[in-house]
Every structure is written in C-alpha cells, then in structure tokens.
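Engineer: Would you mind keeping the following structure in view while I ask a few things?
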Amino acid sequence: MVKVLVVILNKNNAQGLRRALGSLVKQTVPICRVFDVLVLDGGSEDESEEVVLEFAKTFKCIEFRVQKVKGGTGPARIEACNYAYERGYDVIIWGDSENVYDANYVAELVRMVVKKGCDVAGGKPVVRGSLWDHAFFWYHAVHLVFPRLWEKHVPGNNKCMRIHLCKEIGYPPSRRAEDYGFTLRMLKTKRRFKYCVDDDAVVTVSLPQRLGDIIKWQLLRARGAAEAAAYVGAVPWDSWVWFLLLLTLLVGLLLSPVAPWGLLLLAPFAILCAYLAFRAPRFIANFSFFKLVGLPVGLLIHSLFSIYTLFEYTSIRSRLSRG
C-alpha cells in the first residue's frame, strides 16, 4: 500500500490551520488509513499548536513539529522531505494552512500519481473573489492559465509528488519561491517528468487582502525567487519577460501622445489583461467583471517586483561568485 503524507506549512495562522485540517479530516479517502498529516510550523506565537493537538486527539496520524532550521519555506520543505523519506512515505502532498481542500482533493491527487504514473500532480486552485483575488488569481493558477505550462510547473502549495524527487531534484534553501527553484532544477536535468493536473482536485487558496500585505508578499516573493534562481544557478527568465512587458507599456504611454504608433506598444499589456479576464471565471468564486479593474494593477505590481528580482539576483550571484 502506498504511504501518503500531507505536509501543511504554517506560521501564525491558527484560524486558517483549523479550516485546513477541518477539510482534510473530511476527505473521501479516510485520514490515517490512506494518508497522514504533518503540520510543519515556522515558529508560531499564536494557538497553532493547540489547534493541531485538538485534532490529534481524534486523529493520531496528525503531527505538529516546529521547524528545526528557520529561514523560510525552502528549509521547511527540505526538512519535510527528510521527515517523509526517513519514515518510508512514497508520496508527498504539499499544502498550506491558508488552503481549504474539497472532499476529493487527496483522492484525486493520489490517483494521478499512483494509477496514472505521474511524477508530479496538481489540482485546480480557486480564490474567494475579492478585489485582490481578481487582481492576482493567476498567481496560484499560472500552470492552468497559460497553455501547457502545467507540463513543466505546478505551484508548491497545490502539488503532489513522488518522494524520490526530494532526493533526486531537491528544494533550494530560499526563504520563499522554493517551488520555483524546484521547477528550475527539474528543467535543468533535461529529463522528461510526467506532470498531471485534475480539475476535480479543487483547493481554495488565499491571497493578501490589503495593499500593505500585497506589497509585503510581493517583496518576499521577489527576494525568494532571486535566491532560488541563484542557488539553482539558473537565470530567472520569467522576470525578464515581466520587465519587458512593463518597459513596452511605459514606453508606449510616453510615446502615444506624440506618436500614434506608440499605441502599438500598449498591445502586449492589453492582450494579457484581456486573456486573463477571459480565463478568470474558472478560478474565482463569486466572479465579478467589475472587480477585474484590479487586474491591470496586479500585473503592474507583479512586474515592478519582478524587476526587483533581477537586481536581487544579480547581487546574490555576485556575492556567491566572490566566495
């Protein structure tokens, strides 16, 4: 029988952790028979441990562990991989205390890995439907928004994978965006891995709901992506794409008042907004066209911080080359 471990990363999110565990114990496949749960905590100062212990009274296979090596989600994934590998698990499902899982989520992901022979599998992410959810829904759904991208990348908070990939590929010890670094490492091997996605494996994911939290999240993401790419030794090519998108937009805005052809430079940004707006209803609960006014703002914010990724990446690579 295949041994499955669901890993929930958490820090100071007791309320979200309660919802996440509540959805896991109601899966169509029985917890503690088909899968176990490890809550790996980054040093919470709230009631997170008490929440886990409350569930563990009924479900003995739910374990709470404080992360031994602090420093973000990269070290946490490395530690969870070692935990799973040492205890003989065959499959890891990566989660987050901000996620809420539909009842058949675990069953569908395990089916794809065990019965379809997938190395990596992911489900369909859905956001709640606020203004910022509309603006950034594509961040968690990027592998499904853009054609065939899921064949190369599945986001880290919605991923099931075979345990051997922990050793064979490995996560970089970046503070954030370690799943991005993981994908870069898989691409560098130039081997073919079988990726699968399933719309029936639905997970409700969360995004920051205030501008200040959005900025903080994007800053951590940008730094993490730079660290991950530097550790892996790969160029963050996607950040260059965001840079070029922003550059053409700004040049187009500057030129269009004096040269009508400058409007053509606005086309890439307009086409991207239109395409994302077309795909949005599939991934947003309580979808509203009115709230899509935040989408261009979300793209601009992401572009700006992706440029910061390039500067940070250059700085880190310089430090690493000096020893």
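Engineer: Evaluate 2.2 N^0.38 Å with N set to the residue count of the range 195-323, then give the Cα radius of gyration divided by it.
Structural biologist: This ratio for the range 195-323 stands at 1.26.
Engineer: Using only Cα atoms, find the angle between the long axis of helix 73-86 and the longest principal axis of the chain, and express it within 0 to 90 degrees, rounded to the nearest 10.
Structural biologist: Computed tilt is about 30 degrees.
Engineer: Relative contact order, percent, of the chain when contacts are C-alpha pairs under 8 Å separated by at least 6 residues?
Structural biologist: Relative contact order comes out at 20 percent.
Engineer: Which FRET efficiency value, to the nearest 0.05, do you get for R87 and V258 by plugging their Cβ-Cβ distance into 1/(1 + (r/R0)^6) with R0 = 56 Å?
Structural biologist: Computed FRET efficiency for R87 and V258: 0.25.
Engineer: Follow-up. Which ³J(HN,Hα) values, rounded to whole Hz and listed in residue order, are derived for the range 227-239 from phi using the Karplus coefficients 6.51, -1.76 and 1.60 in 6.51 cos²θ - 1.76 cosθ + 1.60 with θ = phi - 60°, glycine and proline given as x?
Structural biologist: Those phi angles translate into 5, 4, 5, 5, 4, 7, x, 10, 7, x, 4, 5, 5 Hz.
Engineer: Relative contact order, percent, of the range 47-119 when contacts are C-alpha pairs under 8 Å separated by at least 6 residues?
Structural biologist: Answer for the range 47-119 is 13 percent.
Engineer: Hey, if we sort S44, S303 by accessible area with the 1.4 Å probe, largest down, what's the order?
Structural biologist: Final ranking, largest accessible area leading: S44, S303.
Engineer: Another question, then. Contour minus end-to-end for Q15 and V34, with contour as 0.36 nm per residue of separation and end-to-end as the Cα-Cα distance?
Structural biologist: Value of the extension gain: 4.3 nm.
Engineer: Suppose R0 equals 41 Å; then what is the FRET efficiency for C61 and F278 from their Cβ-Cβ distance, rounded to the nearest 0.05?
Structural biologist: My answer for the efficiency is 0.45.
Engineer: Let me ask something else about it. For a 18 Å ceiling on Cα separation, which of these pairs sit above it: K124/K167; K3/K124; K152/K194?
Structural biologist: Correct reply: K124/K167; K3/K124.
Engineer: Per the helix-only calculation at 222 nm, which mean residue ellipticity applies to the chain, given -39500 (n - 2.57) for every DSSP H run of n ≥ 4 and division by its residues, nearest 500 deg cm²/dmol? Let's see the in-between values first.
Structural biologist: Numbers: 11 runs with 158 residues, N = 323.
My calculation for the chain gives -16000 deg cm²/dmol from helical runs alone.
Engineer: Moving to a separate point now. Could you run the Karplus curve 6.51 cos²θ - 1.76 cosθ + 1.60 with θ = phi - 60° over the range 119-126 and give me ³J(HN,Hα) per residue in whole Hz, x for Gly and Pro?
Structural biologist: Using θ = phi - 60°, the values come out as 7, 9, 9, x, x, 9, x, 10 Hz.
Engineer: Which distance in nm do the two modelled labels at L304 and L149 give, with both placed 7 Å along the Cα-to-Cβ direction?
Structural biologist: Going by the 7 Å Cα→Cβ label model, 2.1 nm.
Engineer: Something else about it: Which of the trypsin sites (Lys or Arg not before Pro) found in the range 95-197 are in a DSSP loop and have at most 14 neighbouring Cβ atoms, other than their own, within 10 Å?
Structural biologist: Here the sparse-neighbourhood loop sites are K115, K116, R148, K152, K190, R191, R192, K194.
Engineer: List the relative contact order of the range 31-80 as a percent without decimals, with contacts defined as Cα pairs under 8 Å and 6+ residues apart.
Structural biologist: 42
Engineer: If you don't mind, another one. Please say if the range 1-94 is rounded, prolate or oblate, where rounded means a/c under 1.5 for a ≥ b ≥ c the square roots of the C-alpha gyration tensor eigenvalues, and otherwise the choice is prolate for a/b larger than b/c and oblate otherwise?
Structural biologist: oblate
Engineer: For the modelled label position 7 Å from the Cα of V142 along Cα-to-Cβ, which residues of the range 68-92 have backbone nitrogen atoms closer than 18 Å?
Structural biologist: Residues 73-74 fall inside that zone.
Engineer: Once phi is turned into θ = phi - 60°, what whole-Hz ³J(HN,Hα) does the Karplus curve with 6.51, -1.76 and 1.60 give for every residue of the range 285-299, x standing for Gly and Pro?
Structural biologist: Ordered by residue, 3J(HN,Hα) equals 6, 6, 4, 9, 5, 4, 6, 6, 4, x, 4, x, 5, x, 5 Hz.
Engineer: How long is the gain from S321 to F287 if the chain were fully straight, where each residue apart is worth 0.36 nm and the alpha carbon distance is subtracted?
Structural biologist: Going from the current span to full extension adds 7.5 nm.
The values are calculated or read from the model by the stated rules, or taken from the named source; none is laboratory data. Because the structure is a prediction, the values reported are computed rather than measured. FYI the Cβ positions are ideal-geometry reconstructions off the backbone, even for glycines, and counts take in every protein chain you see. SASA here: full protein model, heavy atoms, side chains in, ligands and nucleic acids out. Shrake-Rupley method; radii C 1.70, N 1.55, O 1.52, S 1.80 Å.
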